[in-house]
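Single-structure report; data block below.
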Amino acid sequence: MIGGYRIIRKVAAGGFGLVYLAVDSEGQQVAVKEYLPSSLATRAPGELLPQVAPEKLSLYRLGLKSFFEEGRSLAQISHPSVVSVLNFFRENETVYMVMNYLEGAALQDFIVTARDLKQSKVFRESTIRSLFDEILRGLRIVHQHKMLHLDIKPANIFITDDNKSVLIDFGAAREVLSKEGNFIRPMYTPGFAAPEMYRRDASMGPWTDIYAIGACIYACMQGYPPNEAPQRLEKDRIAIALARLRGVYSDNLIEVVEWCMSLDPLSRPQSVFALQKELSREGERKYTKLSVTEKVRMQFDTMLADTKKTVQGAAPGTKTK
């Protein structure tokens, strides 16, 4: 039991913490995220308190403060496309953030599935526009609360079983620690982090998250992430890669990705609203009554069905999700 929540099992672990499936006092499932940066703290099996070396304590506490403030800020946001923080509290010399437990799959899983099926299009253009219109609605609210996500990538866009696309796993604590600490390993996901995130003195803003949105759209078109920013600064191949997709996707969508992924922050859309306006252009987008998640799942059901027809000798009773 931690803070009145019964921990069932660990469901995820990363460099900055752990996520557990838990049950609250009314028996409802929740996700509990614990601040425990692996580079700063250790914890022996069966122990509750993290062990932090004296020389790392100030940095550990700095990240802890940022993690706590992030929880407090997210708790004020209520939007279907932003993960809901239900509670946050200090215990065991760390901080826990309690969120809605989501069931479904990350956008990354859909991209990998489509890529493995070797389709000419990873996602249809209408699906891409609808998906990111939904995500941008949530991101716009985040920015209005003077917050940045700072870790947008397909693995952090969750498509739930009840037809919602949700931004998860914000990166404020990670960003604070990367700027203050002398970390040897890169703390960003290659391809999705804007160039300014690699510089300690750079100014970050909505344009930083918008770069990551462009990189996510690129991944939905190509099936792979773009080259990471330091490589692009040396030799930029994004325009060449996108040029190969002309005729597969509209010129407008390709130009939107190039705009979002400009290496110069001032050359990108400076607000989510500016990007939304371009992404929802009437001439390019096809509206349907289906939710974005239904579109994604319908597309994958069709792709999987087509693949099954061509595969000979598949084992009977195999279930594909």
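The values are calculated or read from the model by the stated rules, or taken from the named source; none is laboratory data. Note that the structure is predicted; figures quoted are calculated from it, not measured. FYI the Cβ positions are ideal-geometry reconstructions off the backbone, even for glycines, and counts take in every protein chain you see.
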Looking at SER73, SER78, SER25, SER39 in this structure, which one is assigned to a helix (DSSP H, G or I), hydroxyl-bearing (Ser, Thr, Tyr), at pLDDT below 95 and surrounded by fewer than 19 Cβ atoms within 10 Å (Cβ to Cβ)? SER73
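One line per residue, one yes/no per condition, for (1) in the same structural domain as TRP207 (by TED's automatic domain parsing); (2) closer than 21 Å to ARG72 by Cβ:
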| site | (1), (2) |
| --- | --- |
| GLU91 | no, yes |
| ASP116 | yes, no |
| GLU134 | yes, no |
| VAL142 | yes, yes |
| LEU150 | yes, yes |
Look through segment 239-285, keep the residues that are touching an Asp or Glu at 6+ places or on another chain (Cβ under 8 Å) and polar (S, T, N, Q), and return whichever of them is farthest from ASN227 (Cα to Cα). SER280
Return yes or no: is ILE254 within 19 Å of LEU131 (Cα to Cα), in a helix (DSSP H, G or I) and in contact (Cβ under 8 Å) with a residue 40 or more places away in the chain? no
Mind checking which residues of segment 249-270 are among the acidic types (Asp, Glu) and farther than 20 Å from TYR198 by Cβ? ASP251, GLU255, GLU258
I'm told ALA12 meets every condition in (1) closer than 25 Å to ILE141 by Cβ; (2) in a helix (DSSP H, G or I); (3) not polar (S, T, N, Q) except one. Can you identify the failing condition by its number? (2)
Answer residue from segment 81-104, given it is assigned to a loop (DSSP other than H, G, I, E, B) and not aromatic (Phe, Trp, Tyr) and is surrounded by the fewest Cβ atoms within 10 Å (Cβ to Cβ) among those: GLU103
Number of the exception - TRP259 against (1) closer than 20 Å to ILE111 by Cα; (2) out of contact with any strand residue (DSSP E or B) (no Cβ under 8 Å at 6 or more places or on another chain); (3) in a helix (DSSP H, G or I): (1)
Candidate set from segment 231-242 (those that are under 17 Å from CYS216 (Cα atoms) and free of Cβ contacts under 8 Å to residues at least 24 places away in the same chain); member that is surrounded by the most Cβ atoms within 10 Å (Cβ to Cβ): ILE238
Can we say VAL122 is in a loop (DSSP other than H, G, I, E, B) and surrounded by 22 or more Cβ atoms within 10 Å (Cβ to Cβ)? yes
